[in-house]
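The structure appears below as structure tokens.
The values are calculated or read from the model by the stated rules, or taken from the named source; none is laboratory data. What you are looking at is a predicted structure, and each value in this text was computed from that prediction instead of being measured. Every residue, glycine among them, receives a Cβ derived from its backbone with ideal geometry; neighbour counts consider all protein chains shown. SASA here: full protein model, heavy atoms, side chains in, ligands and nucleic acids out. Shrake-Rupley method; radii C 1.70, N 1.55, O 1.52, S 1.80 Å.
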Amino acid sequence: MQAAKLFEQKVKPPEVARHLRVSLKSAYQWHQLWRDGGHEALASRGPGGSRCRLSPRCLKKLVMCLELGPAAHGWVEGTRCGPPLGWPR
């Protein structure tokens with residue numbers, strides 16, 4: 001909605017792009033949408049991409065693993081090498 005407010009103030013797309021730190025292409029696309037449909041045309045439609053394909057059980061397991069952190073899975077803090085020997089357990 002920041003872009004819509006700027007467009008209402010007659011700010012040109014290149015300046016909107018700099019101000020919001022987005023590409024010129026995005027700013028021009030937003031300007032076209034705003035010009036054709038106003039604020040509503042720039043409203044978020046939610047996250048893009050496909051829906052999560054993990055089953056509820058797998059998703060729950062993933063959350064648990066992430067909450068435990070990398071050390072719980074054999075990763076040493078501060079290293080950038082591959083997985084520990086014997087991976088996967």
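Just a few scattered comments:
- Building the convex hull from the alpha-carbon atoms of the chain and averaging its projection over directions returns 9.9 nm².
- Sorting 10-19, 43-52 by their mean Cβ neighbour count within 10 Å, with the most densely packed peptide first, gives 10-19, 43-52.
- As a fraction of the 1.4 Å probe accessible area of the chain, surface on carbon and sulfur atoms comes out at 58 percent.
- Phi-derived couplings, Karplus 6.51 cos²θ - 1.76 cosθ + 1.60 at θ = phi - 60°, listed residue by residue for region 35-43: 4, 7, x, x, 3, 4, 5, 9, 5 Hz, with x used for Gly and Pro.
- Net charge in the neighbourhood of residue 31 (other residues with Cβ under 13 Å of its Cβ; Lys, Arg +1, Asp, Glu -1) is +2.
- Estimated 222 nm signal from helices in the chain, with DSSP H stretches of n ≥ 4 weighted -39500 (n - 2.57), rounded to 500: -16000 deg cm²/dmol
- Kirkwood radius, region 32-74, all distinct C-alpha pairs, inverse of mean reciprocal distance: 14.0 Å.
- 27 Å Cα-Cα reach of residue 10 towards lysines, excluding residues that sit fewer than 8 places from it in its own chain: 25
- At a probe radius of 1.4 angstrom, the accessible area of region 34-77 per residue rounds to 91 square angstrom.
- Shown in residue order for region 21-34 are the 3J(HN,Hα) couplings computed by the Karplus curve 6.51 cos²θ - 1.76 cosθ + 1.60 at θ = phi - 60°: 6, 10, 6, 4, 4, 4, 4, 5, 5, 4, 4, 4, 4, 4 Hz (x for Gly and Pro).
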